[in-house]
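To start, the structure itself, in structure tokens.
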Amino acid sequence: MLDHDSAVAPWETPESYYDGPLRAYERYRTKDPVQASSLSAALLSASRLVVRDHDHRFEATCRAVQARSASLVYLTYGTDVIVDRVRPAHHDYLAILLPLHGGLHLRHQGREFDVRAGETAGVTCSRDTMHAEFGAQASVLTLRVDVHATELALGNLLLEPPPTDLRIQAGPVTGPARRSLTGTAELLAASYDGKDPGSPLPPVVMRRIEEQILFTVLLSVNHNYRAALLGEAARPNRRTVREAIDLVWAEEEATWTIPELAGAVGVSVRALELGFRKELGKTPREFVREQRLLRAHEELLHAHSGDGTTVTGVAGRWGFWHAGRFATRYVERFGVRPAMTLRSGASTAVR
């Protein structure tokens, strides 16, 4: 890992520009911009590549390695080029651009910023279009991580189900965060550069490297769960708990999962649990199950003879997919079996 922001990795020096990392893992080398654009789409995203002034020095070189949900891609073009991502990638990934030499200018998510070797990294998301201007001497190492794997890692760190509303902020990264990301990319590159290209990394080593990459990314880039990761997320107040209760009461059938409910009121699952315990003395899951049981009871009680209402149908509509467990909880709460409530409600309606 680099010791200070102006330090450079061994391959970041001008004299080693054409060598760079991952020399044994070349995917393509071409002087044809159309071919370079097509080959790049298979590794990154569909894009349009324009060579400024039709410079004859253009030569696209790409090297790449994969470690489970993370990959490392090294790119050079030999001259000034413009790369426009014309549509989102087939799958969601986060790309961290780490220039090894030179720099590039990015326009992404409504922001414009520069990334330069030894100074700045750039965070981008495959969900959005992007405009990138590469300098003539730019060589860039891109650390790419799968968004779904990042969500799973975040859930592991928070000791919660993986969030479905992770939002990562695109933009420049400097200081210690950039050094951490650079160090992680160096680790992955060194792991491959130091071995025989014909033999894969052992699965346990690859898994540990992947974990380090994902955790480093989550702690280094800006996103809506970063405060919670650092233990800074505020507990929900009574108003937040009230909002969650209102959402549950407004259900016309089982709709909200607990992670979705927490996201809707702007807190983590853990924070929502703390708020419910403080205000109601129960967890959100217990509250939701209790309310849905009451709604199922009301529906069975007010059913009309011949309207097609069944216990199984009502239970499923309110999220109770196991008929036996639903019946047990129903008897514990109301003292009768749900079928009896249905029959009594229907007979009352007839009279």
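The values are calculated or read from the model by the stated rules, or taken from the named source; none is laboratory data. Please read these numbers as outputs of a predicted model, since none were measured by experiment. Virtual Cβ from ideal backbone geometry, glycine too; neighbours counted across all protein chains shown.
Look at (1) outside the structural domain of ARG167 (by TED's automatic domain parsing); (2) aromatic (Phe, Trp, Tyr); (3) buried (at least 16 other Cβ atoms within 10 Å of the Cβ) and you find that PHE215 fails only one, number (1). When GLN66 is tested against the conditions (1) under 27 Å from GLY198 (Cα atoms); (2) in contact (Cβ under 8 Å) with a residue 40 or more places away in the chain, the lone failure is (2). Looking across segment 18-53, the residues that are touching a Phe, Trp or Tyr at 6+ places or on another chain (Cβ under 7 Å) and in a helix (DSSP H, G or I) come down to TYR25, PRO33, LEU39. Candidates are the residues of segment 224-259 that are touching an Asp or Glu at 6+ places or on another chain (Cβ under 8 Å) and surrounded by fewer than 18 Cβ atoms within 10 Å (Cβ to Cβ); the one that is nearest to PRO162 (Cα to Cα) is ASN224.
Within the span defined as segment 198-208, one or more residues are surrounded by 15 or more Cβ atoms within 10 Å (Cβ to Cβ), out of contact with any Leu (no Cβ under 6 Å at 6 or more places or on another chain) and in the same structural domain as GLY155 (by TED's automatic domain parsing).
I'd like the residue in segment 302-343 that is of a type in the set (A, V, I, L, M) and assigned to a loop (DSSP other than H, G, I, E, B) and, out of all such residues, is surrounded by the fewest Cβ atoms within 10 Å (Cβ to Cβ). Walk me through how you get there before you give the answer.
Taking segment 302-343 as the starting set, the residues that turn out to be of a type in the set (A, V, I, L, M) are 303, 311, 314-315, 323, 327, 331, 336, 339-340, 342.
Narrowing the set further to residues that are assigned to a loop (DSSP other than H, G, I, E, B) leaves 303, 336.
On the way: ALA303: 22, VAL336: 12.
Across segment 302-343, the extreme among qualifying residues is VAL336.
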